[in-house]
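The values are calculated or read from the model by the stated rules, or taken from the named source; none is laboratory data. Remember, predicted model here, so these are calculated numbers, not experimental data. Backbone-built Cβ (ideal geometry, glycine too); neighbour counts: all protein chains shown.
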Amino acid sequence: MLLNLPHAEGAAPSPWVERWAGLIRPGGSVLDLACGSGRHLRWLAARGWRVTGIDRDAAAVAPLRALAEIVVADLEGAAWPLPGRRFDAVVVANYLWRPLLPSIVESLADGGLLIYETFAAGNESVGRPARPDFLLQHGELLRAAQVLRVVAYEDGFLDAPPRFVQRIAAVAPPPGAAGPARYPLAGPAGGAG
């Protein structure tokens, strides 16, 4: 179910997305799932990544067609709209439809990055969403990403606006990597260079 904070043109991207985007392969392909009006899509495209945005709201994504490949699809009532496609990153913010979690992970290319942030249990005490169907349970993103290398994970409370969130940055391990991968944990987000 799509439960977004404001995604209007000019809206700032999530600090979580900004922080971890530097791990996306320069010039790589990024899927912005349930992209809405494109706050992350716009930010990613402006930094040189090739972005594909999916949303069910054709009117919301219409202005984004000049920036990215746009797919209008009902993510909750139809089959996965991008079978076989793989991306260097998948970004999901403020959206949860549990049946999609395996497809999201499978959409990552080798070395691809999952950046996911959405509402968690406890949010019912401060606002919407409040239904358990749309709130991640403790550790749920960790379980969904168990085949990935988790770089960062948080499960807690944020102010402004008050909300409970769970978020993860995790990488699909590349096969046959020579030595351990190094994923910087701090610093400004990079660009596609």
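Among the conditions (1) buried (at least 21 other Cβ atoms within 10 Å of the Cβ); (2) out of contact with any helix residue (DSSP H, G or I) (no Cβ under 6 Å at 6 or more places or on another chain), VAL151 misses just one, which is (1). Residues of the stretch 71-97 that are crowded, with 23+ Cβ neighbours inside 10 Å and not small (Gly, Ala, Ser): PHE87, ASP88, VAL90, VAL91, VAL92, LEU96.
Across the stretch 1-43, the qualifying residues are those that are modelled with pLDDT of 95 or more, out of contact with any helix residue (DSSP H, G or I) (no Cβ under 8 Å at 6 or more places or on another chain) and part of a strand (DSSP E or B), and the one among them that is farthest from THR118 (Cα to Cα) is SER29. Among helices (runs of 4 or more DSSP H) entirely within the stretch 58-167, having at least 1 residues that are in contact (Cβ under 8 Å) with a residue 24 or more places away in the chain and among the small types (Gly, Ala, Ser) singles out 58-61, 140-144. Do the conditions hold for LEU100, that is, is it under 23 Å from ALA172 (Cβ atoms), buried (at least 19 other Cβ atoms within 10 Å of the Cβ) and under 17 Å from the mean Cα position of the chain (by Cα)? Against the criterion (under 23 Å from ALA172 (Cβ atoms), buried (at least 19 other Cβ atoms within 10 Å of the Cβ) and under 17 Å from the mean Cα position of the chain (by Cα)), LEU100 does not qualify.
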